[in-house]
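Everything below concerns the one structure shown next.
The values are calculated or read from the model by the stated rules, or taken from the named source; none is laboratory data. Treat the numbers as computed from the prediction; the structure is a model and nothing was measured. All Cβ positions, glycine included, derive from the backbone under ideal geometry; neighbour counts span all protein chains shown. Surface accessibility is based on the protein's heavy atoms, side chains included, excluding ligands, DNA and RNA. Shrake-Rupley method; radii C 1.70, N 1.55, O 1.52, S 1.80 Å.
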Amino acid sequence: MDAAELADRLLAARDKRSRRRLIRETPLSVDIETARRLINVCVENWASNPKVTRDSARVLHEIASEFPSTDILAYSAWADGISEMTHGRVRSAIESLRTSTAKFVKAGKTVESAQPQIAALVALAMLGSYARALAVGRRALRILSDANDQLSAGKVEINLANIAFQLGRYKQAEIQGLSAYARFRRLKEPAWRAMAENGLANTYVALNDYRSAVKYFRIALDSARSTGKLVTEAEIEASIGNLELSRGRFAEALRSFELSRQKFDELNIPHKSAIADLEIAEIYAELNLSAESMELLSKVVVKLAKLKMQSEEARARLVLGKTAIRQRIPSLARKELQKSSRLYKLEKNRHKQAVVMVYQALLELREKNFDAAREFAGKANRILKKAGNERERMMPAWIVGEVLIKTGNPRRGLSSLRK
């Protein structure tokens, strides 16, 4: 029995006893190749079939219990990390992935040591630990590029592009996204190409290049559907929802978010479902369904806090603060915006802090605290200017203009509104 056949039989076994018996009856076949086959199955199904990923991790753990060599333990820890991520247990995942890397290093396998760090890069970004994520990603990219592992290098670049996007560095996100996309096109990897296309489309939305965004969303959906990757398709639908939201097409946005959430619920991926709920709450807020939005957000904030998803919790609290401004509940708005700002500060995300400042400025304007409003808006404008997104700068400029008009400087106020 070769390694691939043994791996398939272990995955198909009915229970733990059957797997243990199979492992013990064929000890000569339970080797590095079997472990490698199982980790490949684990990684390949991470985005499309979390159950298979978890099953692969379970089998690898059982093999490692019988044959605890350094290599097999490294593969098992790697699979454990990915499995933990499908459950939304991100901190535990990071520990397992760090263990895997250390064991590969101990075994003298430098290239293999970079592989678990691709997943660690995703996990660290989910926690908002961007500085650590960037350091891990750049180190892994150097190793994988030197080894000419184009596929793995492209995976790292996708995640580095996602972090750049989150930090408001849209041009950098575009450069890294295009590099990853080119690698996957050369390799004829449609599943990974779909992820790169989705990332590029999101970046072009942020850059207000809707024509390019629509183009990449269209081909991303085609790529995802051609491979049957349900999770990738759901992520693209969520991204299209954000595009439609930014264009003011609320019905289309809500439809995309609902389609996305249904898929994440079906796949039992709790952290993705929570994000889908957050996006639906944002639509409710934009439609002035404030009561519905606040009810959903109050549940989502608790979920995201439990999942330790710092960046998404900060985003949820920002939306809750914005909704409270519309509902004229200044005490709640101020509290939630402060919490959001604090969370973004913990992850050293000045760009998102500036976005929060815009709404803090709006709140102070509504409350006739004009000095505070102007201070928040001015600081936000200076930070957002570096991101190159003119749309994001429109509101702080308007707030400064409003403050000037209301404080007896109509000429300067109108000048600010024209900029």
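Overview of values
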read-out: The range 278-293 residues that are outside any helix (DSSP H, G or I), paired with ones that are not hydroxyl-bearing (Ser, Thr, Tyr) (beta carbon under 6 Å, 6 or more apart); value: LEU287/PHE250
read-out: Qualifying residue in the range 317-331 (condition: open to solvent by 30 Å² or more (accessible area, probe 1.4 Å), more than 30 Å from GLU295 (Cβ to Cβ) and not in a helix (DSSP H, G or I)); value: no
read-out: Residue identified as among the β-branched types (Val, Ile, Thr), open to solvent by 30 Å² or more (accessible area, probe 1.4 Å) and out of contact with any Asp or Glu (no Cβ under 8 Å at 6 or more places or on another chain) among VAL43, VAL111; value: VAL43
read-out: Members of the range 248-259 that are among the charged types (D, E, K, R) and within 22 Å of the chain's Cα centre (by Cα); value: ARG255, GLU258
read-out: Search result, residues across the range 278-295 that are more than 10 Å from ALA316 (Cα to Cα) and either among the polar types (S, T, N, Q) or under 21 Å from the mean Cα position of the chain (by Cα) (or both); value: ILE280, ILE283, ASN288, SER290, SER293
read-out: In the range 135-185, residue nearest to ALA213 (Cα to Cα) [restricted to those that are without any contact (Cβ under 8 Å) to a residue 40 or more places away in the chain and outside any helix (DSSP H, G or I)]; value: ASP149
read-out: Residue, nearest to VAL356 (Cα to Cα), within the range 141-160, restricted to residues that are within 18 Å of the chain's Cα centre (by Cα) and open to solvent by 10 Å² or more (accessible area, probe 1.4 Å); value: ASN159
read-out: Residue match in the range 348-365 (condition: of a type outside the set (Val, Ile, Thr), touching a helix residue (DSSP H, G or I) at 6+ places or on another chain (Cβ under 6 Å), under 22 Å from GLY241 (Cα atoms) and open to solvent by less than 20 Å² (accessible area, probe 1.4 Å)); value: no
read-out: Selection count where residues are open to solvent by 30 Å² or more (accessible area, probe 1.4 Å) and of a type in the set (Asp, Glu), scope the range 56-73; value: 1
read-out: Residue tally, condition open to solvent by less than 80 Å² (accessible area, probe 1.4 Å) and without any contact (Cβ under 8 Å) to a residue 12 or more places away in the chain, over the range 253-267; value: 0
read-out: Search result, residues across the range 20-40 that are surrounded by fewer than 21 Cβ atoms within 10 Å (Cβ to Cβ) and in contact (Cβ under 8 Å) with a residue 12 or more places away in the chain; value: ARG20, LEU22, ARG24, THR26, PRO27, SER29, ASP31, ILE32, GLU33, ARG36
